[in-house]
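The values are calculated or read from the model by the stated rules, or taken from the named source; none is laboratory data. Note that the structure is predicted; figures quoted are calculated from it, not measured. FYI the Cβ positions are ideal-geometry reconstructions off the backbone, even for glycines, and counts take in every protein chain you see. The protein model used for the area step is the full one, side chains on, heavy atoms only, and it has no ligands, DNA or RNA in it. Shrake-Rupley method; radii C 1.70, N 1.55, O 1.52, S 1.80 Å.
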2 protein chains.
Amino acid sequence: MTNLFLMTRSEENYIKTIFHLGGSDSVPVATNAIAEQMETKPSSVTDMAKKLADKGLVHYKKYQGVSLTEIGIKTALSIIRKHRLWEVFLVKKLDFTWDEVHEVAEQLEHIKSEKLIDKIDELLDFPKYDPHGDPIPSKDGKFMVRDKELLSDLEVKAGGVCVGVKDTSAPFLKFLDKNGIALGKTIEVLEKEDFDQSLHIKIDQSELHISHQIASNLYVKKNN
Amino acid sequence: MTNLFLMTRSEENYIKTIFHLGGSDSVPVATNAIAEQMETKPSSVTDMAKKLADKGLVHYKKYQGVSLTEIGIKTALSIIRKHRLWEVFLVKKLDFTWDEVHEVAEQLEHIKSEKLIDKIDELLDFPKYDPHGDPIPSKDGKFMVRDKELLSDLEVKAGGVCVGVKDTSAPFLKFLDKNGIALGKTIEVLEKEDFDQSLHIKIDQSELHISHQIASNLYVKKNN
DNA sequence: ACAAATTTTTAGATTTGCCTAAATTTATTT
DNA sequence: AAATAAATTTAGGCAAATCTAAAAATTTGT
């Protein structure tokens, strides 16, 4: 019966991290993994795990890792919904670039006002995906997982539309910008280099050579 | 040389409160006054006063009250700027009513991103006043104090335009809404009741009887 | 001016969220 | 199946922001 409105920022960040590490599938997430992801110490994670368990947000048994309860999952989705809607807002309404949005959205996602986020949703015309191609959960926590695959997994001659990125770090996103790679662009694999798995691709009109590292962080939706 | 970006939410709230209580004019504000305004205890205020003094944001001498330094004033204005711009955003872009904005703006004012607030400012077309008629400081901390007076101070037959409210509480604002009183409306004093200082006023086309309590919380700009 | 009232500060706790270092449990090797 | 390694928890502490209760300074009233 935990009121989601009284969660601290720190609690919300833990819930979000556990969700992202897969703790929603009742597959528990390791203390160490959470600590690493959050750049904190395992002992701090243990402390928080106990607190969140008391509040009914996670399942926690000593030495067995942490997974989200149903309420925990709902909470996580609500935070992620806010994060991604704010990202869309920043890009669409305030002309932020997609490498600038994350840091600010990390703050905005903790603003407590149901009306606020619903109105932002409406202002943006109920977007389904954020600027990195990740799906935005609806108010009731549902979202579509779009079928997509890594560009690095396509065969030669295959192609599709760029629909998302795996790495969302600023350097990577800036690289993409600089090379004209963006969501919605059409990509075709012209050639794969066996030696280092680098790719020769066609993007819109121009051609480009990209490393495996790049290709394995780009999602495409294959055409038929 | 305090970096404004590393202020805690609590520190920002103290600075803002001291500003509103008049501590910018080197007239010190009493510990108790701050405590009452912030619904906290005087001893907590003392603690914070010391901390803010260490950071160079306030002048503080034991038993002598607190006033803002120049840096403190700049900080206060920057927070107030954010608060008021967010209020305009909520009303103009998200259809919040003027009694709903304060609580959410209290949260949004603490978001740390210079680019964000500048873009919001731009999106709103650089507004000069917030939804309650209070001036919005510019980026460099300047703002116009509009000349205005309390409706309760006007003589009979005098009139003007409603430009602001003193009390910004939700009940008061809802009362105004219900009675068709809003910023920009033309008001004329038809009659003053000596007994209880209540007023008979004309607002746009209709007539209305309001108590002194109401009139003394409404600002008007007298017409020449 | 001096006693009483008020205001303000100090001292000592509490809570949250984090830390380090040591102990414990679980997992991996050989 | 020990022994070793790795992961996790416990214990004890720290800083921020608050509180209560008691002490100290200031202000007020007569």
Per DSSP helix of 4 or more residues, -39500 (n - 2.57); summed, then divided by the residues of the protein assembly as shown. What does that give at 222 nm, rounded to the nearest 500? -12000 deg cm²/dmol
Across 5 Å bins from 0, what is the distribution of all Cα-Cα pair distances for the range B:149-222, in whole percents? 3, 18, 32, 30, 14, 3
Roll a 1.4 Å probe over the protein heavy atoms and report the accessible area of A:Phe126 in Å², nearest 10. 100 Å²
Sorted by accessible area (1.4 Å probe), largest first, how do B:Asp130, A:Asp54 line up? A:Asp54, B:Asp130
Considering only Cα-Cα distances, which of the following residue pairs are longer than 23 Å: A:Lys50/B:Lys51; A:Lys112/B:Lys178; A:Lys112/A:Lys174; A:Lys112/B:Lys74; B:Lys157/B:Lys185? A:Lys50/B:Lys51; A:Lys112/B:Lys178; A:Lys112/A:Lys174; A:Lys112/B:Lys74
Find, among the trypsin sites (Lys or Arg not before Pro) in the range A:24-116, those assigned to loop by DSSP (not H, G, I, E, B) with at most 15 other beta-carbon atoms within 10 angstrom. A:Lys61, A:Lys62, A:Lys112
Pairs of Cα atoms farther than 27 Å apart, chain B, %: 42 percent
Given the protein chains as shown and a 1.4 Å probe, how many square angstrom of A:His83 are accessible, to the nearest 10? 20 Å²
Using only Cα atoms, locate the centre of the range B:123-149 and the centre of the range A:196-224, then give the distance between them in Å, rounded to an integer. 50 Å
Computed over the Cα atoms of the protein assembly as shown, the Rg and Dmax in Å are 27.4, 96
Taking a crude spin-label model, label points 7 Å out from Cα along the C-beta direction, the A:Met144 to A:Lys41 distance in nm is 4.7 nm
Put a point 7 Å out from Cα along the line to Cβ at A:Ala170; what are the distances to that point in the other copies, in nm, shortest first? 3.8
Hand me the GluC sites (Glu not before Pro) from the range A:100-168 located in a DSSP loop with no more than 14 other Cβ atoms within 10 Å, in residue order please. A:Glu155
In whole percents, the bins of 5 Å from zero upward hold the Cα-Cα pairs of the range A:4-68 as 4, 20, 36, 27, 11, 1
Counting other Cβ atoms within 10 Å, keep those with at most 16, restrict to DSSP loop, and tell me which trypsin sites (Lys or Arg not before Pro) in the range A:131-187 are left. A:Lys139, A:Lys142, A:Arg146, A:Lys157, A:Lys166, A:Lys185
So what does A:Leu6 come to for accessible area, using a 1.4 Å probe and Å² rounded to 10? 120 Å²
